[in-house]
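The values are calculated or read from the model by the stated rules, or taken from the named source; none is laboratory data. Note that the structure is predicted; figures quoted are calculated from it, not measured. When we count neighbours, we look across all protein chains shown, and the Cβ atoms used for this are built from the backbone with ideal geometry, even at glycine. Accessible surface areas use protein heavy atoms only, side chains included; no ligands, DNA or RNA. Shrake-Rupley method; radii C 1.70, N 1.55, O 1.52, S 1.80 Å.
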Amino acid sequence: MTLLDLVLLLLVLALLAALFLRRKGGEGEARGEAREILEAAKAEAKEALESARKEAREILEAARQEAKALREEAESRLKALRQELEEEARARAEALEKESRRRLAEAEERLKAEREELRAERERLKALQEELKAERERLKEEREELRREAERLSKRGEALDARAMKLDALEEALKAREAVLAEREKEVEQRLYQVAGLSPEEARRLILERLDRELEEEKAARVRAALERARVEARREAQKILAQAMQRQASETAAQLAVSVVPIPSDAMKGRIIGREGRNIRTFEALTGVDLIIDDTPEAVLLSSFNPVRREIARMALEELLKDGRIHPSRIEEVVEKAKQEMKTFIYERGEEAALEAGVVGLKPGLIQLLGRLHFRSSYGQNVLKHSIQVAHLTGIMAAELGLDAGLARRAGLLHDIGKSVDREVEGSHVEIGIALARRFGEPPEVIDAIAHHHDPENAETVYAVLVAAADALSAARPGARRESLEEYLQRLEALERIALSFPGVETAFAVQAGREVRVIVKPDKITDAKATLLAREIANRIEREMNYPGQVQVTVVRETRAVEYAK
């Protein structure tokens, strides 16, 4: 109970007491007592009020102290809570930072993997482009071969027409002879009827068989004699010219590969070549267009590219960087640019050396530059520049033997494959490109004709094209000049034997001398000596139609008759 409640209670008691006294006593006494009680109550109430005020002030002061304590406690709790929240926020921030770093690392790994995949895809695309280009070149060569085959068939058809006319004349002569023979046949029939007692059908059959044998032997003998005369005369002249040319000329061949090996001082140099995060190797590959392969090969790195000029520039630049020791992107760019300029000089020097070696003068600088590019071009493993020099020498020797201009012949032989210097950058076959280049640099018509027809001399307008075609075949067909895979070699031998065995009367066939001769063994009871000559020619014609081969293939038909008897 509070002090205010006590004061109120005392006032109520005083009033009750006054009422009670008023009822008991008189009204005066009651008033006096009531007044006294009232005064006492007032005094008591005043005291109680003062006491209540004092107590209220004490309670207010205590409340203020308690409120101050509560405020301080709340501030301390708030400070502690704030520190806890800050620590929790800091922990969460660290966790989020770690999570973000982890996610960033994962994203970088994924990006790196995607870059590797993109690079591999770019390499595959590059390989597909090279394959497509090679396939396009092969299709062009096949199209050119089909065109030449069509022209050859057309000429052969004209020859067959001429032969048919000759056969018609022979047929007329045979008809006249048959008329004479018919008269004789009647006489022979009469005599046969009388002597042998044969019927007309039997006698006619015997006569026709004998006549067929005589005509077949006579035809084979004439064909064999004509072929032998032509072969002997042509072989005599050709052997004399080719022997003189080949014994005076020989050159080595160099196979240009798609990979170059560059030695390094130590394996520690590989890290410097790669650079920080691979920046050096990326810069080098971007500037040179060559793949730099760094693997477990000790003290060596590989340069891979199908373009030999780019590969040689990269080799020169990498050797210069290894010698200098300073390997960084700006230095790589400087050295690669220097290597490109040196390569231009090197190519021009190779062109000058080739022209000097071949004995050709008066070539324009642009043509010499293109000629030097052939140093980095190969065909079936044979260096095209060495091949061109050899063709120039062979052509000049044959032209001198025939009394022609040897200098012009060497010029035509040296430039016959000039189109191969830029056939990877310019659309078209090397023949078409070579013709355009020769016309642009003002070469003589004989040189242009040799470039245009060194693969089909039948359509040539000058004899120089024929000589260049012959020298080209000699240089490409001689043993060791060009590489040939074992599989292709075996397929060619099998094809030769299969063609020979497809003819009736052939017992067995062997491809010998690396596929340059086919020896055919025939059954003597089915193939006569006269038919052997015709069979050899038929096999040779079929080989010409169905196969592609360098040089020529000799067909030898062997017919052997043995008589065996035993003495007992």
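Suppose the filter is touching a His at 6+ places or on another chain (Cβ under 9 Å), in a helix (DSSP H, G or I) and open to solvent by less than 50 Å² (accessible area, probe 1.4 Å); does residue 367 pass it?
no
Can you name the residue in segment 512-525 that is charged (D, E, K, R) and either in contact with a strand residue (DSSP E or B) (Cβ under 9 Å, 6 or more places away or on another chain) or assigned to a strand (DSSP E or B) (or both) and is also most open to solvent (accessible area, probe 1.4 Å) among such residues? Break it down into steps so the answer makes sense when it comes.
Within segment 512-525, the subset charged (D, E, K, R) is 516-517, 519, 523, 525.
Okay, now just the ones that are also either in contact with a strand residue (DSSP E or B) (Cβ under 9 Å, 6 or more places away or on another chain) or assigned to a strand (DSSP E or B) (or both), so 516-517, 519, 523.
Numbers: 516: 82, 517: 10, 519: 107, 523: 75 Å².
By that ranking, first place goes to 519.
If I ask for residues that are in a strand (DSSP E or B) and closer than 15 Å to residue 543 by Cβ, which ones from segment 498-511 would you list? Spell out how you get there, then give the answer.
Just the residues of segment 498-511 that are in a strand (DSSP E or B), to begin with: 506-511.
Across segment 498-511, the qualifying residues are 506, 509, 510, 511.
The single condition among (1) more than 34 Å from the chain's Cα centre (by Cα); (2) modelled with pLDDT of 90 or more; (3) of a type in the set (A, V, I, L, M) that residue 398 does not meet is (2). Residues of segment 416-436 that are in a loop (DSSP other than H, G, I, E, B), hydrophobic (A, V, I, L, M, F, W, C) and either modelled with pLDDT of 90 or more or closer than 22 Å to residue 147 by Cβ (or both): 426 alone.
Scanning segment 414-430 for residues that are of a type outside the set (S, T, N, Q) and closer than 17 Å to residue 308 by Cα turns up 418, 419, 420, 422, 423, 424, 425, 426.
Taking residues in segment 283-310 that are among the small types (Gly, Ala, Ser) and open to solvent by less than 30 Å² (accessible area, probe 1.4 Å), and partners anywhere that are modelled with pLDDT of 80 or more and not in a strand (DSSP E or B), the pairs with Cβ atoms closer than 6 Å and at least 6 places apart or on different chains are 289/310; 305/290; 305/311. Among the residues making up segment 347-389, a single one is over 21 Å from residue 312 (Cβ atoms) and of a type in the set (D, E, K, R): 364. Of all residues in segment 142-163, those satisfying the criterion of being among the aliphatic types (A, V, I, L, M) and surrounded by 11 or more Cβ atoms within 10 Å (Cβ to Cβ) are 153, 160. On the stretch given as segment 455-469, residues that are assigned to a helix (DSSP H, G or I) and modelled with pLDDT under 85 total 3.
Determine if segment 207-230 includes at least one residue that is at pLDDT below 75, in a helix (DSSP H, G or I), farther than 30 Å from residue 557 by Cα and not charged (D, E, K, R). Among the residues of segment 207-230, at least one is at pLDDT below 75, in a helix (DSSP H, G or I), farther than 30 Å from residue 557 by Cα and not charged (D, E, K, R), which makes the answer yes.
Can you tell me which residue among 189, 185, 171, 131 is among the charged types (D, E, K, R), in a helix (DSSP H, G or I) and either modelled with pLDDT of 80 or more or closer than 30 Å to residue 279 by Cβ (or both)?
Values: 189 fails: either modelled with pLDDT of 80 or more or closer than 30 Å to residue 279 by Cβ (or both); 185 fails: either modelled with pLDDT of 80 or more or closer than 30 Å to residue 279 by Cβ (or both); 171 fails: either modelled with pLDDT of 80 or more or closer than 30 Å to residue 279 by Cβ (or both).
That would be 131, the only listed residue that is among the charged types (D, E, K, R), in a helix (DSSP H, G or I) and either modelled with pLDDT of 80 or more or closer than 30 Å to residue 279 by Cβ (or both).
Within segment 258-280, track down each residue that is more than 23 Å from residue 341 (Cβ to Cβ) and open to solvent by less than 30 Å² (accessible area, probe 1.4 Å). Spell out the reasoning first.
Let us first name the residues in segment 258-280 that are more than 23 Å from residue 341 (Cβ to Cβ), namely 258-259, 261, 263-272, 274-279.
The answer is 264, 269, 270, 275, 278.
Confirm whether residue 327 is touching a residue at least 24 places away in the same chain (Cβ under 8 Å) and farther than 23 Å from residue 133 by Cβ. The answer is yes for residue 327. Reported count of residues in segment 248-286, each being of a type in the set (S, T, N, Q), in a loop (DSSP other than H, G, I, E, B) and modelled with pLDDT of 70 or more, is 1. Has segment 400-408 got any residue that is of a type in the set (Gly, Ala, Ser), open to solvent by less than 30 Å² (accessible area, probe 1.4 Å) and either in contact with an Asp or Glu (Cβ under 9 Å, 6 or more places away or on another chain) or within 25 Å of residue 312 (Cα to Cα) (or both)? Within segment 400-408, not a single residue is of a type in the set (Gly, Ala, Ser), open to solvent by less than 30 Å² (accessible area, probe 1.4 Å) and either in contact with an Asp or Glu (Cβ under 9 Å, 6 or more places away or on another chain) or within 25 Å of residue 312 (Cα to Cα) (or both).
Condition test on residue 347, is it surrounded by 16 or more Cβ atoms within 10 Å (Cβ to Cβ), of a type in the set (A, V, I, L, M, F, W, C) and within 16 Å of residue 307 (Cα to Cα)? Write out each step before concluding.
Values: surrounded by 16 or more Cβ atoms within 10 Å (Cβ to Cβ): yes; of a type in the set (A, V, I, L, M, F, W, C): yes; within 16 Å of residue 307 (Cα to Cα): yes.
So residue 347 passes the test.
Selection over segment 526-535 of residues that are assigned to a helix (DSSP H, G or I) and open to solvent by 20 Å² or more (accessible area, probe 1.4 Å) gives a count of 4.
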